[in-house]
Amino acid sequence: MKRRTKSSSGPTKVIVRATPSKIREAAALLANGKLVAFPTETVYGLGANALDEKAVAKIFKAKGRPSDNPLIVHIADMRELKMVAKNIPDVAFKLMKKFWPGPLTFVLPKKAAVPHVVTASGKTVAVRMPENRIALALIKAAGCPVAAPSANLAGKPSPTTAAHVAEDLGSNVGLILDGGKTRHGLESTVVDVTGKKVEILRSGAVTAEMLEKVLGYLPETAHHAPDKKGKVKSPGMKYRHYAPNVDLLLVAISDRKTMIAEVERLIGLYHRKGLLVGVLTSKEHRKFYQTADQVVVCGSLNDLPSVAKHLYDSLRTFDPHMADVIIAENFGSKGIGHAIFDRLSRAASKIIH
Ligand code: TXA
Ligand code: MG
């Protein structure tokens, strides 16, 4: 169900166009320990002054986020990098030169100035410089690094519009700077650069192949299973994420004909059980699912960045009045397809191979 606030002021009043004066207003809120939601090139973030422990604690409360899941610190210039991280390896600078500002987050040894609440008491801090005019202007005007997770309720799809933020967080956020729909639509790639080899902790718009061109080797993607001590390298990966309002089944079959046949079979199966069925598909495949009760078209198979861009919005579009269960197609795993598959598998309650 969509969340509606009972207050007469409603959630939409906190959304403002990101004019220079509103950016200054938002920066002042940050400097005063308040929360501000802002656009980045990936998804909207829910920001607080990263060096203000009390302000950062409010993020966890507003999102209902588990305290063992650390936050990404957003910076606007290299001076701020040195404020939060130390012993930065050369390979990190090499990658920053190529991909910053942009959707690449680095896990680095943290400086003492970063409060434990940001890093979930860990010794490392995740840092990125976003490639978004509004985000950069906001961080600059606030004069501090900004800790910001995606501005959704924990477990829900990340917000790619200001309206998504209002839907999830409503009056729990002082101000939502509206910068339109975000360009990439999926969160940044997270890399750990503290080991011998660079490792991908979360896939995103900067793909392993793009990193390989700078590194000279193809970086591995970390397994999300806990190690012997029960620790996970990327704490966020152990939680179910991005879940729409009803159960989602991911049909992970790569052969197209077999996949379509399986989706058709599942539609029939659930219909016989008396359930309404939603299907998440591409422009190319929508014609196969005429019998489904709600079909949501998410981009084109010939343009996977378009699938990434619309994925979270599509997941939010499913209506519990029209679908009791969602069947999602596999969009392939080339390039950003890897990140799309990762997000869909974590939105899924069941994966069909
Ligand atoms: O694109 C993005 O990265 C967006 C925008 C707002 O910048 N932010 C975002 O934040 O996706 P969040 O909190 O939703 O996801 C941060 C991810 C989580 O999986 C978290 O566990 C991981 O980064 N992370 C943060 N600090 C870490 C650390 N020190 N070591 C390992 N993983 C870390
Ligand atoms: Mg998130």
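The values are calculated or read from the model by the stated rules, or taken from the named source; none is laboratory data. Predicted, not measured: the structure shown is a model, and the values here were computed from it. All Cβ positions, even for glycine, are placed from backbone atoms using ideal geometry, and neighbour counts span all protein chains on display.
For (1) among the hydroxyl-bearing types (Ser, Thr, Tyr); (2) under 21 Å from the mean Cα position of the chain (by Cα); (3) more than 25 Å from Asp168 (Cβ to Cβ), each residue gets a yes or a no:
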site	(1), (2), (3)
Leu266	no, no, yes
Lys287	no, no, yes
Ser300	yes, yes, yes
Ser314	yes, yes, no
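Being among the basic types (Lys, Arg) and closer than 20 Å to Val43 by Cβ narrows it down to one of Arg286, Arg343, so name that one.
Matching residue, one of Arg286, Arg343: Arg343.
What about Thr194, is it of a type outside the set (D, E, K, R), at pLDDT 75 or above and over 24 Å from Ala308 (Cβ atoms)?
When the stated conditions are applied, Thr194 passes them.
Can you pull out the strands (runs of 3 or more DSSP E) entirely within segment 38-111 that have at least 2 residues that are in contact with a Pro (Cβ under 9 Å, 6 or more places away or on another chain) and either farther than 30 Å from Glu212 by Cβ or without any contact (Cβ under 8 Å) to a residue 60 or more places away in the chain (or both)?
Result: 45-49.
Is one or more of the residues making up segment 52-69 in contact with a Cys (Cβ under 9 Å, 6 or more places away or on another chain) and away from ligand 2 (no atom under 16 Å from the Cβ)?
Yes; the residues of segment 52-69 include at least one that is in contact with a Cys (Cβ under 9 Å, 6 or more places away or on another chain) and away from ligand 2 (no atom under 16 Å from the Cβ).
Any residue that is at pLDDT 85 or above, of a type outside the set (Asp, Glu) and in a helix (DSSP H, G or I) - is there at least one of those in segment 235-257?
yes
Looking only at residues that are more than 19 Å from the chain's Cα centre (by Cα) and at positive phi in segment 106-165, which one is nearest to ligand 1 (Cβ to nearest atom)?
Per the stated criteria, the residue is Ser121.
Kindly indicate which of Val165, Val173, Val191 is crowded, with 23+ Cβ neighbours inside 10 Å, more than 24 Å from Gly64 (Cα to Cα) and in contact (Cβ under 8 Å) with a residue 24 or more places away in the chain.
Val191
Go through (1) among the β-branched types (Val, Ile, Thr); (2) within 13 Å of ligand 2 (Cβ to nearest atom); (3) surrounded by fewer than 24 Cβ atoms within 10 Å (Cβ to Cβ) one by one and return the number of the condition Thr124 breaks.
All conditions pass for Thr124, except number (2).
Given the residues Gly278, Gly274, Gly268, Gly204, which is the only one that is part of a strand (DSSP E or B), at pLDDT 95 or above and of a type in the set (Gly, Ala, Ser)?
Being part of a strand (DSSP E or B), at pLDDT 95 or above and of a type in the set (Gly, Ala, Ser) holds for just one of Gly278, Gly274, Gly268, Gly204, which is Gly278.
Results for (1) modelled with pLDDT under 95; (2) under 22 Å from Gly170 (Cβ atoms); (3) within 16 Å of ligand 1 (Cβ to nearest atom), shown as yes or no for each residue.
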position	(1), (2), (3)
Lys6	yes, yes, no
Val16	no, yes, no
Ser21	no, no, no
Leu29	no, yes, no
Asn32	no, yes, no
Val36	no, yes, yes
Glu41	no, no, yes
Tyr44	no, yes, yes
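Could you look through segment 143-162, keep only residues that are within 23 Å of Val107 (Cβ to Cβ) and away from ligand 2 (no atom under 16 Å from the Cβ), and pick out the one that is surrounded by the fewest Cβ atoms within 10 Å (Cβ to Cβ)?
Applying the filter and picking the extreme gives Cys144.
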